[in-house]
Amino acid sequence: MAAPRAKAAQSGAAAEDAALAHLRAAGLQLLARNVRYPFGEIDLVMREGATLAFVEVRLRRNSGNFGGAFASVTPAKRRKLARAAQAWLGSHRAYAHAPCRFDVVAVTAADECEWLRAAFTLDDLW
């Protein structure tokens, strides 16, 4: 039997796989996955045309609890994601002036995906 932390990591990876497949089917291109910085992380960096999408993937077994997967992306989590996006853009100069957005993909235990484009903006954060 897997330890709870290992099981959670497996579930999280499976949710990211489902979200990635969903976004690719919609025509987005993967640029990076699991980008980690000491101050935040990005699950997926995708490109849709000229626009970059920094994607937070949320797995919820009971989507109605505590406001669901979208509500679980707290203001603090949004700020961490924004800082990580800024760092990623700083190290990928080719995309420095690309239009950007922050998306959330909520994944159920059955790998069903609900995609919220432009879930928040930098103006929402500070």
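The values are calculated or read from the model by the stated rules, or taken from the named source; none is laboratory data. Here the structure is a predicted model, which is why all the values come from computation and not from measurement. With ideal geometry, Cβ positions are generated from the backbone for all residues, glycine too; neighbour counts draw on all protein chains shown.
Scanning the range 88-108 for residues that are closer than 19 Å to residue 39 by Cβ, in a strand (DSSP E or B) and modelled with pLDDT of 95 or more gives a single hit, 102. For the range 113-124, taking the residues that are touching a residue at least 60 places away in the same chain (Cβ under 8 Å) and of a type outside the set (Lys, Arg), the one that is nearest to residue 75 (Cα to Cα) is identified as 119. Of the numbered criteria (1) modelled with pLDDT of 95 or more; (2) among the charged types (D, E, K, R); (3) more than 14 Å from residue 104 (Cβ to Cβ), the one residue 43 fails is (3).
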